[in-house]
Amino acid sequence: MEKIVASLREAARKRAEYRETVAALQSLPLDIALDLDIHHSDAERIARDAVYGR
C-alpha cells in the first residue's frame, strides 16, 4: 500500500512540475523565447521532455 501512495505522490509532483514548466515557458516574452529558439506552441513538448524524459 505504501508503494502505491508513494507512486501517486510522485505522479502528482511530476504533474505539478509539468504544469509549472508549461506556464513558465508560455509566459516568456516573445523576444526571449525567440532568442532561445522556443516557440510558445512547443511549451508542452519541452515541459513533457524535461519532466518525464524522452
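Could you work out the local net charge near Ala47, counting Lys and Arg as +1, Asp and Glu as -1, over the other residues with Cβ closer than 15 Å to its Cβ?
+2
Nearest 10 degrees is fine. How inclined is helix 2-26 to the longest principal axis of the chain, computing both from alpha carbons?
The helix 2-26 is inclined about 10 degrees to the chain.
Between 0 and 90 degrees, rounded to the nearest ten: what's the tilt of helix 43-52 against the longest Cα principal axis of the chain?
Roughly 40 degrees between the two axes.
With a point put 7 Å past each Cα toward its Cβ, work out how far Val5 is from Leu36 in nm, to one decimal.
Rounded to a tenth, the inter-label distance reads 3.7 nm.
Calculated from the structure, Cα extents along the principal axes in Å equals which of [x] 35, 20, 17; [y] 49, 20, 13; [z] 42, 23, 15?
Recomputing Cα extents along the principal axes in Å here gives the entry labelled [y].
Provide the packing ranking of 46-53, 27-34, i.e. peptides ordered by the mean count of other C-beta atoms within 10 Å per residue, highest first.
Descending packing order for the listed peptides: 46-53, 27-34.
Values quoted throughout were computed directly from the atomic coordinates according to the rules given, and no laboratory measurement underlies them. Quick caveat, the model's predicted, so the values are computed rather than measured. So basically every Cβ, Gly included, is an ideal-geometry build from the backbone, and we count neighbours across all protein chains shown.
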